[in-house]
Amino acid sequence: MAANAVAVCSWGAGGAGGLPAAAEEVLTFAAELASGLGAERRWLFIGQDPQRAAEVAGRFGVAGIDWVAEPELDEFRPDVYVEALRQYWELRRPRAMVVSQTFDARLVVPRLAGRVGCGVVMNCLEARAQAGGGLEVVASAYGGDTRAVYECHGPVLLAIAPNAPRRSAAGALSRPAVERVKLRLGGVPERAAVIGRSSMPVPRLEDAEVIVAGGRGLGSPENYKLVEELAAALGGMAGASRPIVDEGWAPPWRQVGLTGKITKPALYIAAGISGASQHMVGCAAAKTIVAINRDPDAAVFRYARYGIVGDCLEVLPALLRAVRNRSGAGERGEGSG
Ligand code: FAD
């Protein structure tokens with residue numbers, strides 16, 4: 001492996017074909033970085049199906065798959081993962097290692113950086129090579145209000161923010177070779193254990209193509225059903241701002257934003273939501289944002305492609321009627337205008 005290579009690291013099934021759900025995002029990030037560095041890319045794939053990984057990697061110009069499938073890594077155990085990645089790092093000594101910032105990765109990445117003595121940047125949004133050989137890394141900071149720009153010299157670990165907007169980096173098709181990498185993981189002392197995981201509702205808000213989200217402007221918990229009904233009529237999912245989750249109007253897994261879900265739907269309808277940065281960081285990657293707010297100066301309109309100044313308790317039922325009329329007309333074959 002070239003000394004300036006970029007290693008992509010991923011684990012945890014969840015996406016199609018048993019690949020980590022965020023694998024393509026990480027590969028895209030690494031492709032942009034590596035092309036600036038003139039570096040090759042390798043994918044450290046921890047999992048059971050390296051051939052499927054190789055098919056995906058081939059679309060992103062990855063030079064090779066380093067396949068690790070030690071039984072000690074079947075379950076996520078933070079100390080064992082730190083040790084596994086340390087051994088891999090010592091073996092390959094990459095210029096940069098890119099990891100998706102999942103909840104598991106947050107337990108591993110800073111400790112790994114400490115073990116191998118490299119730099120680390122969390123919440124990364126972009127990274128590019130500089131003329132002098134350093135890296136300029138842009139990360140989200142202060143709850144999404146600010147973008148911090150770091151200059152990194154020497155090897156660095158980059159944890160990329162989930163669903164950070166990025167271009168597709170699909171390139172020339174190739175078929176990277178899969179190389180089995182053996183690690184020694186018996187008897188690793190363990191100080192931290194994952195003792196439970198809350199069950200995730202399926203489908204996930206992060207994957208929804210349409211989200212209708214409600215905020216405090218709904219006025220009362222009963223009115224949240226307007227959001228749920230419009231979401232269902234559009235074949236999407238209902239989201240929520242944090243205050244109404246805190247108040248118990250909507251369950252926690254519906255919360256969009258910095259401390260909730262980072263989404264990237266095709267359509268995001270924000271009803272009675274002010275547009276605070278901590279909320280918008282969870283939906284700014286939407287292709288189209290429609291905002292409904294009775295305050296014409298609400299911050300949410302700055303992000304919206306379409307804005308409706310009005311009372312969401314009137315606008316939501318009107319939209320629901322329009323959607324239902326339209327789908328009723330569609331079923332009766334009455335045109336689609
Ligand atoms: P409000 O700010 O109260 O806004 C309500 C809006 O509704 C107003 O714009 C008002 O004009 C409008 N309105 C009122 N009545 C009507 C009506 N009848 N029709 C139409 N419009 C109406 N927030 C999140 O959402 N997600 C997060 O993950 C998150 N994380 C945070 C993390 C940190 C560290 C901090 C400090 C804050 C976080 N917040 C988060 C909170 C965030 O800062 C805002 O307070 C929150 O997003 C505001 O929610 P809201 O827009 O529903 O309520």
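Does segment 170-180 contain at least one residue that is in a strand (DSSP E or B), among the basic types (Lys, Arg) and at pLDDT 95 or above? The answer is yes, given that some residue of segment 170-180 is in a strand (DSSP E or B), among the basic types (Lys, Arg) and at pLDDT 95 or above.
For segment 259-276, which residues satisfy the criterion of being farther than 15 Å from residue 230 by Cβ and either at pLDDT 95 or above or near the ligand (Cβ under 7 Å from one of its atoms) (or both)?
If we filter segment 259-276 for residues that are farther than 15 Å from residue 230 by Cβ, which is where we start, we get 259-264, 266, 274-276.
Matches in segment 259-276: 259, 260, 266, 274, 275, 276.
For beta carbons closer than 7 Å, sequence separation of 6+ or different chains, a first residue in segment 286-299 that is within 13 Å of the ligand (Cβ to nearest atom) and acidic (Asp, Glu) and a second that is open to solvent by 20 Å² or more (accessible area, probe 1.4 Å) and not in a strand (DSSP E or B), there are no qualifying pairs.
Among the conditions (1) part of a strand (DSSP E or B); (2) more than 10 Å from the ligand (Cβ to nearest atom), the only one that residue 239 does not satisfy is (2). In segment 61-80, the residue that is modelled with the highest pLDDT out of those that are open to solvent by 10 Å² or more (accessible area, probe 1.4 Å) and within 22 Å of the chain's Cα centre (by Cα) is 77. Residues in segment 25-41 that are open to solvent by 10 Å² or more (accessible area, probe 1.4 Å) and under 16 Å from residue 156 (Cβ atoms): 32, 36, 37, 39, 41. Scanning segment 205-215 turns up at least one residue that is away from the ligand (no atom under 14 Å from the Cβ) and assigned to a helix (DSSP H, G or I).
The values are calculated or read from the model by the stated rules, or taken from the named source; none is laboratory data. Source: prediction; values computed, not measured. Positions of Cβ are backbone-derived with ideal geometry, glycine not excepted, and every protein chain shown enters the neighbour counts. What goes into the accessible areas is simple: the full protein's heavy atoms, side chains included, and nothing from ligands, DNA or RNA. Shrake-Rupley method; radii C 1.70, N 1.55, O 1.52, S 1.80 Å.
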